[in-house]
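The next block holds one structure in the form of structure tokens; read it before the comments.
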Amino acid sequence: MNANLTAGLHWLGHDGFRIEWQGITIYIDPYRLKGGPPADLILITHDHSDHCSLEDIARIQKPETIFVTVASAAEKLKRTVEIVQPGDERTLKGVHIRAVPAYNTNKFRSPGNPFHPREKGYVGFVLTLGDRRIYHTGDSDHIPEMAGIETEVALLPVSGIYVMTAEEAAEAARMIQPKLAIPMHVGADIGELSAAETFKALAGVPVVILPLE
């Protein structure tokens with residue numbers, strides 16, 4: 001079951017993933033790339049430089065690459081993009097994409113000033129690839145909107161740095177009840193990889209820690 005759910009799914013570090021599906025190459029939040037094939041679709045959850053990395057995007061874009069992102073990130077890209085906000089849906093290259101909310105409830109730069117404010121309209125994405133749905137939360141805490149998300153695979157941040165802790169991510173996994181949960185937003189300078197193991201022990205759903213590519 002896990003092999004089918006993770007088919008074509010590559011963790012590139014931090015929140016970055018590449019998905020290969022029916023000849024289509026999809027990137028989500030590419031950052032610090034070591035290489036990789038050119039992109040058909042690039043999805044960007046928000047405008048922070050470790051998610052909307054112009055240097056990394058330049059390595060994988062081609063003239064016909066389609067971008068999907070929020071308005072504040074689109075301004076940085078300086079090119080035509082599909083602009084979305086939470087609740088929007090698009091079907092591109094045969095991939096159904098739904099933008100869903102992503103925001104902080106208890107991670108603050110300063111009192112009352114969250115790293116990812118709800119009013120900014122940052123997003124996660126639910127991708128439908130044939131009979132498989134993949135939910136990438138974006139940079140988010142455990143938020144009530146997650147209760148309404150149906151997905152086979154959930155990509156959940158676990159570092160506790162700007163996003164959910166491993167314990168909070170486990171609560172989110174139990175709420176969402178995916179067939180498979182995959183931890184992200186951990187490792188390198190973004191929290192300890194041990195947080196992924198903590199999440200796996202607590203999640204209450206099947207968990208796979210993908211190798212870092």
Residue count, region 43-76 (criterion: within 18 Å of the chain's Cα centre (by Cα) and over 21 Å from D189 (Cβ atoms)): 11
Residue check, V163 crowded, with 19+ Cβ neighbours inside 10 Å, outside any strand (DSSP E or B) and touching a Pro at 6+ places or on another chain (Cβ under 9 Å): yes
Options A147, A170: the member that is over 24 Å from P117 (Cβ atoms) and among the aliphatic types (A, V, I, L, M): A170
Any chance H46 is open to solvent by less than 50 Å² (accessible area, probe 1.4 Å), closer than 19 Å to T80 by Cα and at pLDDT below 95: yes
Lone qualifier among A169, A181 - being under 18 Å from W11 (Cα atoms) and not in a strand (DSSP E or B): A169
Residue that is on the phi > 0 side of the Ramachandran plot, open to solvent by 20 Å² or more (accessible area, probe 1.4 Å) and in contact with a Pro (Cβ under 9 Å, 6 or more places away or on another chain), where the choices are G23, G8, G87, G94: G87
Of the criteria (1) open to solvent by less than 10 Å² (accessible area, probe 1.4 Å); (2) free of Cβ contacts under 8 Å to residues at least 12 places away in the same chain, which one G138 fails: (2)
In region 187-207, residue most open to solvent (accessible area, probe 1.4 Å) [restricted to those that are touching a Gly at 6+ places or on another chain (Cβ under 9 Å) and at pLDDT 75 or above]: L193
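Residue-wise test of (1) more than 19 Å from P183 (Cα to Cα); (2) modelled with pLDDT of 95 or more; (3) in contact with a helix residue (DSSP H, G or I) (Cβ under 8 Å, 6 or more places away or on another chain).
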residue	(1), (2), (3)
L9	no, yes, no
I28	no, yes, no
C52	yes, no, yes
P63	yes, no, no
V68	yes, yes, no
V84	yes, yes, no
G87	yes, yes, no
Region 102-124, subset at pLDDT 75 or above and surrounded by fewer than 21 Cβ atoms within 10 Å (Cβ to Cβ), residue nearest to the chain's Cα centre (by Cα): G121
Residues that are open to solvent by less than 40 Å² (accessible area, probe 1.4 Å), at negative phi and within 15 Å of the chain's Cα centre (by Cα), drawn from region 26-42: I26, Y27, I28, P30, L41, I42
Any hit, region 131-138, residues being touching a His at 6+ places or on another chain (Cβ under 7 Å) and under 16 Å from T45 (Cβ atoms): yes
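The values are calculated or read from the model by the stated rules, or taken from the named source; none is laboratory data. Model, not experiment: these values are computed from the prediction. With ideal geometry, Cβ positions are generated from the backbone for all residues, glycine too; neighbour counts draw on all protein chains shown. Each accessible area value is taken on the protein alone, full model and side chains, heavy atoms only, with ligands, DNA and RNA left out. Shrake-Rupley method; radii C 1.70, N 1.55, O 1.52, S 1.80 Å.
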